[in-house]
Amino acid sequence: MRILIVEDEPKIAKSIKKGLEQEAFSVDIAENGTLGHDLASSETFDLIILDLMLPEMDGLEICRQLRKNGISTPILMLTAKSELDDKVLGLNTGADDYLVKPFAFEELLARIKALLRRPEKSLDATLECSNLKIDTISYKVTRDNTPILLSRREFALLEYLVRNKNRTLSKESITAHVWDYDSEILPNTVEQYMGYLRNKVDKKFSNFKPLIKTIRGFGYMISDDNV
């Protein structure tokens, strides 16, 4: 899952990014309102963490413009202001949740996961594809009840595939959701990681039908019925 942090305080932004990356999220940072608005408008994100007080364009205006343009990405607004009126204004502008600084990372993470579980995203905590199971809370993956050890990037890639099972996903779509904007993506990066997953998810379970398929000319699919 890919998250955008729009925050002008570098220490806060980097701390959140580090914590979220340890939770297998892909994270981009925008240090001012204009850049945050431009990234949120042009790139694909699963959630936006948006500071209220920003240089160039404040969080309320960013939120207002995104909603006006039909961008429904969940927005978690951060601010040093705790007055009720500020919270109400942020939520009425289109934010989905509100968190006052300073905050514990555990609370931020819990709020993020709660937003991502909302019906529009259908982000269940437990995912299944045939006899493959993914627990997105504990980050445990099993197939036929046998544990599979994955790196954070491999986990993020597998989670994205399973959340979209039986659908063909292009390399561009995979890159947009699994890697952040600043990642060094080579032409064969997606193929390389798909190879890693195949080795762990399919080749080690050769007594079962492979789940991951290459759709030549289009992309990749994970299928629970081998379509």
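The values are calculated or read from the model by the stated rules, or taken from the named source; none is laboratory data. Keep in mind that this is a model prediction, so the values were computed, not measured. Methodologically, a virtual Cβ is constructed for each residue, glycine included, from the backbone with ideal geometry; neighbour enumeration extends over all protein chains shown.
Table for the structure above
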{"quantity": "Checking LYS209 against (1) over 25 Å from GLU43 (Cβ atoms); (2) under 23 Å from the mean Cα position of the chain (by Cα), the condition it does not meet", "calculated": "(2)"}
{"quantity": "Exclusive hit being charged (D, E, K, R) and under 16 Å from ARG2 (Cβ atoms), set GLU128, GLU159, GLU191", "calculated": "GLU159"}
{"quantity": "Any helices (runs of 4 or more DSSP H) falling wholly within region 43-133 and containing at least 2 residues that are of a type outside the set (A, V, I, L, M, F, W, C) and at pLDDT 90 or above", "calculated": "59-68, 105-116"}
{"quantity": "Options LYS200, LYS209: the member that is in contact with a helix residue (DSSP H, G or I) (Cβ under 9 Å, 6 or more places away or on another chain), over 25 Å from LEU4 (Cα atoms) and at pLDDT 95 or above", "calculated": "LYS200"}
{"quantity": "Test: residue in region 40-49 that is free of Cβ contacts under 8 Å to residues at least 12 places away in the same chain and of a type in the set (S, T, N, Q)", "calculated": "yes"}
{"quantity": "Hey, LYS165 farther than 14 Å from MET1 by Cα and surrounded by 17 or more Cβ atoms within 10 Å (Cβ to Cβ) or not", "calculated": "yes"}
{"quantity": "Hits in region 11-42 (condition: farther than 23 Å from ARG118 by Cα, in contact with a strand residue (DSSP E or B) (Cβ under 7 Å, 6 or more places away or on another chain) and outside any helix (DSSP H, G or I))", "calculated": "ILE29, ALA30"}
{"quantity": "Elements of type helices (runs of 4 or more DSSP H) in region 144-227, at least 1 residues being assigned by TED's automatic domain parsing to the domain that holds THR73", "calculated": "none"}
{"quantity": "In region 142-155, the residues that are in contact with a Phe, Trp or Tyr (Cβ under 7 Å, 6 or more places away or on another chain) and crowded, with 19+ Cβ neighbours inside 10 Å", "calculated": "ARG143, GLU154, PHE155"}
